[in-house]
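Chemist: Have a look at the structure that comes next, please.
The values are calculated or read from the model by the stated rules, or taken from the named source; none is laboratory data. Nothing here was measured: the structure is a model prediction, and the numbers come from that model. In this analysis, Cβ positions are derived from the backbone assuming ideal geometry, glycine residues included, and neighbour counts consider all displayed protein chains.
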Amino acid sequence: MSIDSHSATPTPASPSGGRVSGNPRFYLTNEFGLICLIVVFGLIFALLAKNFFSPFNLFALGRVAAVNVMIGFAMMVVIVTGGLNLAVGAIGVCGAMFCGFLIQVLGLPWPLAILLGLALGAGLGFINGFAVVRSGLHSFIITLATMSIFFGAMVFLTRAESFRGLPPIFSAFGTARLFGFVSPLLIVAALVGVLLSIMYRYTVVGREMLAAGAKPEAAALSGVPVGRTIILCHMLSGSLAALTALLVMARNGAAIPSMAGQLGQDWLLPAFLGPVLGGTLLSGGRASPLGTFLGAILVTMLTNGLLLLRVGEFWVQACLGVLLLFAVLVDKARRSYLAHLKVA
Amino acid sequence: MDRLVRADWFGPLLVTLVAVIGMAAFSPSFLSPLNVQVLLLALCINGLIAFSQMIIIAIGQMNLSVGAIGGLAAISFAGLMEVWGVPAPLAAILAICIGLIGGVLNGFFIAWTGISAFVITLASLSIFKGINLGITRAQPFYGVPESVKAFGNTTFLGPLPWLLIPCAIVFVATWYLLNRLSLGRQILAVGGNEHASALSGISVPRTVIAAHAISGVLAALAGIALVARLQIGQPTIGDDWLILSFAAPVIGGAVLSGGHVSVTATLLGVAIVAIITQALVLFHIDPFLVQVVLGGLILWAVGVNRWREVRVQRSLKRS
Amino acid sequence: MAEVVFEARGVSKYFPGVKALENVSITLTKGSIHALLGENGAGKSTLIKIITGVYRPDGGELFLDGKNVRFSGARDAMGAGIGFVPQERNLIPRFSVGENIALEANSAHPLKRIDYATINAEARRWLKMLDLDIDPSTPVSQLSVAKMQLVEIAKALSQRSKVLLLDEPTASLSPHEADVLFGLLRRLRDDGASIIFVSHKLEEVVAICDTVTVLRDGNNACESRSMAGVGRQDLVRLMIGRSEQIPEWPERDSIGKPAVLELSGVSTAIGHRDVNLTVRDGEIVGLYGLVGAGRTELAKSIMGAFAITAGTMKLGGKPVRIASVSEAIHQHRLGYVSEDRKQEGLILMHSVLENAGIAVWRKLASRLGFLTDRTVRTKVLPFINKLEVKTPSLEQTVGNLSGGNQQKISVAKWLAAGTQLLIVDEPTVGIDIKSKAYLHQLLRDLSEAGTPILLITSDMPEMITLADRIVVMNDYRISGEITNTRDYGAMSEGIMQLIHADAA
């Protein structure tokens, strides 16, 4: 309230105040904090676990990280609208299973099957987006319902059986190592990140997504077709989810219905960890592909490091929960510090 | 009459009656004692799960960790009895305390940080589930005493399960809380208009913590009941509660933005879900379709609620 | 001398870098209605927050019944006897009227049993005192806005308030509902209540208030003086420090010019009937009416947000059907400056550059939809400079700028987009006097330079300053039109006659 009352008075904004609030100095950004954390934990794990920096571990880490990054992106593009997509896991699995079905049962060539799998992801995303826009309800409840519907339908149609008859190119892609330690999956994830950054910065569509997410009423009265934009975000989320599942499929060498857990719920935690650590606002209007990327890398690194240190696999999940809690607390502290700087 | 139609429980009651009559007509075994017992057991346990979420919906938030808290309480209950031989009542009380603590932690972090309940309970979901798996290493506790097993699986007066008694008490208590007790009204007031509640002397943080504490206790009760019902302490207890916990309150007309839930209608929502699940089993329909049906029910229910809301607003505008 | 109930003496309040109040006093006597006036930014809302305990003053003292009091929070102030009816609705929508009135009493003990019979009996007593015929068991959500407001007054009274503070109580009331409210307030005053009445509708203040305190720039422009012999003009002078100046602009005759926007016999999906309206090249047409008359809704219908169900709308002489706001902006080059700058006008969390450029992104983008900040900057910067927007950089977050500068950006957005018609809705709400004059000049220049303007404002002086013709709207219909002669008395009388002629 106090901010309101003095923004109404004509205070000539000082140049220094503007730089802090408009464009925070780099060392105050989330991205910088994440890089620091990655370096610090990298050093700790390197000291404590000898094989942490071995080429094989880096490769394995990269493969897992790629998937976590992609899951984060699939969620981020919807968080931008101020909504969320609980069905990322379910849509992803549907896309991958569809792709597996097309290859194994219908014998379609794999590039076409991949495209159709992505298209199915976009189509399911469209259903989500359309339902959200048309009903005016929050995407939480809509995607909670569609998560159940999509996953149930998928299991029903596939009889919960996997598709293992994939062409060797999938597993070759999944197990290939560039320079001895880089997984091509990670390159795909990085490439998607770059494309998303370009979209948000340099295209009308991306900017309209941010505007529609920040303040739908204002965006609509400025000529942004808000409904269509939100549907587009959900479609993008759906196809990114499908792409993620295809990467998992390449890693596993098969399309497995349980690859994202019951109802695809196993993806939910990584889906929010990356964006939240990376400073994407849950209320919408701001996106940071770089932050999401770094956040997912950090999460994967912590998981991997803790496993190497023989912390039980199950306790790692608890640690990730603590990490998410910690991340939001730190973010809150950082924001109030920035607000303090602005006022002073 | 108009008032009757507008009541939250009217629609679900109609659906329930039609479903029961329809099922009984098509399949005579539907009203068999065994089937009634199965239905009532599902009603008890799923009712607890749904109420655990309903309390949080009442205050305008959501609790993703309902299942994780319930699961943790369930394995604690079974584990205490198996590993340390703790007598069942004491073990149950301790498990309820775990649920209470879990809920209080959720509420405390939400009230203290002001961060959305979604993120906080997503984090705590992961923490509670991780602790669960860390303790059990994903292996069930089998050493559940006979008395507990009997409690979960025997009946009185024909098909009435013993579990019905404690559950019925909890249901009535919840109704009393939300309709007659100051605390329950405060929860609904905060859900309806947080700012106005604060100005009327309601401590919003304390109310939020109380709601989450109650939610945690209800989730723990559901976990304990499930251990009695399944006769083992499964670490996977709670994994599939999320959808159900939202489906029933929403079918019962709960407003997701808070301030309005109906205990009776939520219970009817649970009944509808139970009957449909049972129907799929009786007609040998693929159980995986239950997921589809549940999702469809949620969409249908939120659609109907939304439509009713719009209609009420319109009639207000006209008058 | 009447008994003093409440007094704030020499109150000051500072925010980092801003003095909001300096040595401000107000004295409230028993059995009076006291007006608290001030322009936006004059410190009115800060003083309200101090009186209601939200802020603690940095200097000065508060006295209630002669005793020095310090409030530790809103609850504390309420407990001490400050009843506050805020601008936003403050009831629990799904709860009954009775439970809302009793909410405070029931919040004490979490395990207390709620006794609806007692609650309703108690509530009935207060409702009866206000002559309100409402069943206490009715849910609040089923009441009209006016009745909700009266329930809030009942709620405040039930807390045995010594002072009743009403913040803009008539903002969302119809004239008739406001009259009912005034009758009630007069009765309460005659029964000995002490009421602080905050409003920007000076006619109301003149009509019902006994004493007045005016704030200007965080100081007392006058303190608790009697309203006897004080007229509207005197209040304006107190509020802005000088009398209103209507710029001497020559009258313009645009009868012969081509019509840019022409509505004939238009009905809309949200209730307009048979609307005829013409805006010609180079003129400013004012659309006047009371709150709720359907002016903003007509503007949004023109912009394609609500469907036009009958009649024709012509732009530049050609009949058009506009299906969406996006179409209106990108294909028909219409622009709309919203009355609600913070919700509908600007995206406060985004930068100046993004806000000013949002309507031209599509035009500037390459065929594949790519664009860079540099192209947007080149397009937008001339207008930002021309409007003298004070911002450290184009990357500044708009939410950090002052209201006047924000409004300039929402106008710059449409200048950059090159609109053929600009609809401006309450352009100077919440803007200081200087920026206001600047914006007036700007709108006048714009219309001169060929962008006709449809101006919606509830600010009569503003309307008379700017408009060439004034069209009066009442209850979603046009009730008449007059050519502006810039004679304030005659014009306001003429407008009021059109409004009331229709109502009678």
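Chemist: Would you tally the residues in the range C:64-100 being part of a loop (DSSP other than H, G, I, E, B) and either within 11 Å of chain B (Cβ to nearest Cβ) or within 30 Å of B:LEU178 (Cα to Cα) (or both)?
Modeler: 11
Chemist: Does the range C:143-150 contain at least one residue that is surrounded by fewer than 17 Cβ atoms within 10 Å (Cβ to Cβ) and within 14 Å of chain B (Cβ to nearest Cβ)?
Modeler: yes
Chemist: Say we look at the range A:215-228 and pick out the residues that are surrounded by fewer than 24 Cβ atoms within 10 Å (Cβ to Cβ) and at the interface with chain C (Cβ under 7 Å from one of its Cβ atoms); which of these is nearest to C:GLY335 (Cα to Cα)?
Modeler: A:ALA220
Chemist: Got a sec? Which helices (runs of 4 or more DSSP H) wholly within the range B:185-285 have at least 1 residues that are in contact with a Ser or Thr (Cβ under 7 Å, 6 or more places away or on another chain)?
Modeler: In the range B:185-285, B:204-230, B:241-251, B:263-282 are the helices (runs of 4 or more DSSP H) which contain 1 or more residues that are in contact with a Ser or Thr (Cβ under 7 Å, 6 or more places away or on another chain).
Chemist: If you don't mind, there's one more thing I want to ask. Suppose the filter is assigned to a helix (DSSP H, G or I), within 23 Å of the chain's Cα centre (by Cα) and buried (at least 23 other Cβ atoms within 10 Å of the Cβ); does B:GLY130 pass it?
Modeler: Judged against the criteria, B:GLY130 is a match.
Chemist: Could you tell me whether any residue of the range A:259-280 is within 14 Å of chain C (Cβ to nearest Cβ), of a type outside the set (Lys, Arg), touching a helix residue (DSSP H, G or I) at 6+ places or on another chain (Cβ under 9 Å) and closer than 30 Å to C:TRP361 by Cα?
Modeler: yes
Chemist: Then there's this: I need the full set of residues from the range A:304-320 which are part of a helix (DSSP H, G or I) and touching a Leu at 6+ places or on another chain (Cβ under 7 Å), in order please.
Modeler: Passing the criteria: A:ASN304, A:GLU313, A:PHE314, A:VAL316, A:GLN317, A:CYS319, A:LEU320.
Chemist: While we're looking at this one, here's another question. Exactly one condition in (1) over 18 Å from the mean Cα position of the chain (by Cα); (2) at positive phi is not met by A:GLY285; state its number.
Modeler: (1)
Chemist: Mind telling me which of the residues C:SER161, C:SER194 ends up being in contact with a Leu (Cβ under 9 Å, 6 or more places away or on another chain) and either under 23 Å from C:ASN100 (Cβ atoms) or surrounded by 18 or more Cβ atoms within 10 Å (Cβ to Cβ) (or both)?
Modeler: C:SER194
Chemist: Now for a separate question. Looking at (1) at the interface with another protein chain (Cβ under 10 Å from one of its Cβ atoms); (2) closer than 25 Å to C:TYR438 by Cα; (3) hydrophobic (A, V, I, L, M, F, W, C); (4) not in a loop (DSSP other than H, G, I, E, B), which is the one condition that is false for C:ILE384?
Modeler: Answer for C:ILE384: the failing condition is (1).
Chemist: Can you tell me how many residues within the range C:225-252 are modelled with pLDDT of 75 or more and either surrounded by 11 or more Cβ atoms within 10 Å (Cβ to Cβ) or within 30 Å of C:ILE33 (Cβ to Cβ) (or both)?
Modeler: 17
Chemist: Can you pull out every residue in the range A:58-100 that is part of a loop (DSSP other than H, G, I, E, B) and either hydrophobic (A, V, I, L, M, F, W, C) or more than 22 Å from A:VAL226 (Cα to Cα) (or both)?
Modeler: A:VAL80, A:LEU84, A:LEU86, A:ALA87
Chemist: Tally the residues that are free of Cβ contacts under 8 Å to residues at least 60 places away in the same chain and under 16 Å from C:PRO136 (Cα atoms), restricting the search to the range C:73-103.
Modeler: Summing the residues that are free of Cβ contacts under 8 Å to residues at least 60 places away in the same chain and under 16 Å from C:PRO136 (Cα atoms) in the range C:73-103 gives 12.
Chemist: Another one. I need a count of the residues in the range A:35-57 that are surrounded by 13 or more Cβ atoms within 10 Å (Cβ to Cβ), assigned to a helix (DSSP H, G or I), in contact (Cβ under 8 Å) with a residue 12 or more places away in the chain and more than 21 Å from the chain's Cα centre (by Cα).
Modeler: Qualifying residue count, the range A:35-57: 7.
Chemist: Can you list residue pairs whose Cβ atoms sit under 6 Å apart, with the first residue in the range A:317-339 being at the interface with chain B (Cβ under 9 Å from one of its Cβ atoms) and the second being at pLDDT 80 or above and outside any helix (DSSP H, G or I)? Count only pairs 6 or more apart in sequence or on different chains.
Modeler: Pairs found: A:VAL328/B:ILE115.
Chemist: Does the range B:256-278 contain any residue that is of a type in the set (A, V, I, L, M) and within 11 Å of chain A (Cβ to nearest Cβ)?
Modeler: yes
Chemist: Looking at the range B:146-159 only, could you name the residues that are of a type outside the set (A, V, I, L, M) and surrounded by 16 or more Cβ atoms within 10 Å (Cβ to Cβ)?
Modeler: If the condition is that a residue be of a type outside the set (A, V, I, L, M) and surrounded by 16 or more Cβ atoms within 10 Å (Cβ to Cβ), then B:LYS149, B:PHE151, B:GLY152, B:ASN153, B:THR155, B:PRO159 are the ones that fit.
Per-residue answers, yes or no, for (1) small (Gly, Ala, Ser); (2) within 30 Å of C:MET148 (Cβ to Cβ); (3) not in a loop (DSSP other than H, G, I, E, B):
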site: C:VAL214; (1), (2), (3): no, yes, yes
site: C:GLY229; (1), (2), (3): yes, no, no
site: C:LEU238; (1), (2), (3): no, no, yes
site: C:GLU251; (1), (2), (3): no, no, no
site: C:ILE255; (1), (2), (3): no, no, no
site: C:VAL260; (1), (2), (3): no, no, yes
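Chemist: Does A:GLY295 meet the test of being over 30 Å from A:PHE150 (Cβ atoms) and crowded, with 21+ Cβ neighbours inside 10 Å?
Modeler: No: the conditions fail for A:GLY295.
Chemist: A follow-up question, please. Return a yes/no flag: does the range A:161-183 have any residue that is surrounded by fewer than 21 Cβ atoms within 10 Å (Cβ to Cβ) and under 16 Å from A:MET235 (Cβ atoms).
Modeler: no
Chemist: Further question: Which of the residues spanning the range A:262-312 are modelled with pLDDT under 85, out of contact with any Ser or Thr (no Cβ under 9 Å at 6 or more places or on another chain) and within 17 Å of B:PHE118 (Cβ to Cβ)?
Modeler: Across the range A:262-312, the qualifying residue is only A:LEU281.
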